[in-house]
1. Would you mind working out the magnitude of the charge dipole of the range 122-187 relative to its Cα centre, with +1 at each Lys and Arg C-beta and -1 at each Asp and Glu C-beta, to the nearest 20 Debye?
2. Going by how many other Cβ atoms sit within 10 Å of their own, how do SER165, SER124, SER229, SER154 line up, fewest first?
3. Trypsin sites (Lys or Arg not before Pro) within the range 129-232: which are DSSP loop residues with at most 15 other Cβ atoms inside 10 Å?
4. So for the pair ALA152, ALA172, with labels modelled 7 Å out along Cα→Cβ, what separation do we get in nm?
5. Give the cross-link partners of LYS89 among the lysines, using a straight C-alpha distance below 29 Å as the criterion and excluding same-chain residues fewer than 8 apart.
6. Considering all alpha-carbon pairs of the range 84-235, what whole percent are spaced by more than 29 angstrom?
7. Under the Karplus relation 6.51 cos²θ - 1.76 cosθ + 1.60, θ = phi - 60°, what is the ordered set of whole-Hz ³J(HN,Hα) values for the range 90-97, x standing for Gly and Pro?
Amino acid sequence: MRASAPTHTPAALWAHRAAPRRACAGASAASQRRYSRVSCDTSAVSGSAPVARRTAVLLPLLAAPLLAAAAAPAPAHAKGAPSGFNPVKDTQKGYAFFYPVGWQEVTLDGQDKAFRDVIEPLESVSLSVAPTTRASLAEAGTPQEVAQNLVAKSSSPQAKTELVSSSQRTDANGVMYYTFEFTSSARGVTRHAVTSLAIANGKVFTLTVGASQARWPKTADRLRTVADSLVLLGY
């Protein structure tokens, strides 16, 4: 499914740039009667040969499922994707983020990944990876300076972009991210969006997620969560 890329977005502008025995002794009489089939014979811990052989056989069988579970990959939620979201991870290109469950992947020109709500098409997220000569976001200025510059360049007589807020964060690996919230109006339609930017190894990563202004109050928290989920890998 191919869709046209949204216009006047920051992405386009940045493209250039216990023991057993003790336990048994402590059990109540009721408990011992209830579990009368369970042997509390002290020979189990005294080295009795028949019991020792059975123990040697059973322990590996009991331990195997536990070891397998410990070695199995953690589910997506355990890795950070909250309930209601799906993870996206590209180790080759070095990025990861997540998007709302129910959104469908689409193809957008100039975007590496894109997902869209099948009912509300203006609710979408896209991520682009483009070359840049900058070594870091700090070289471009503060979050406010960079945001104002992008807003100025994306506005035109046919489209108006207004900055709502700007901020920055740094992940556990020291990678810095700038986040901008803005509105963009064109052809009588206003879209409210959030963009997260990061730079590493000569590449700028731009993730933009948004919805119509009319739907924003209902979707803001969820979409801001998507924007904040962007993380660069291997840097």
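Since every read-out is calculated from the coordinates, none of them should be taken as a lab result. For clarity, every value in this text was computed on a predicted model and none was experimentally measured. Because the Cβ atoms are built from the backbone with ideal geometry, glycine has one as well, and the counts that use them run over all protein chains shown.
1. Dipole of the range 122-187, to the nearest 20 debye: 200 debye.
2. With the sparsest Cβ surroundings first, the list reads SER165, SER154, SER229, SER124.
3. In loop regions of the range 129-232 (DSSP not H, G, I, E or B), the sparsely surrounded trypsin sites (Lys or Arg not before Pro) are ARG134, ARG187.
4. Taking the two extended label points, one gets 3.9 nm.
5. LYS79, LYS113, LYS203, LYS218
6. 13
7. Each residue's phi maps through the Karplus curve to give 10, 6, 5, 8, x, 8, 8, 6 Hz.
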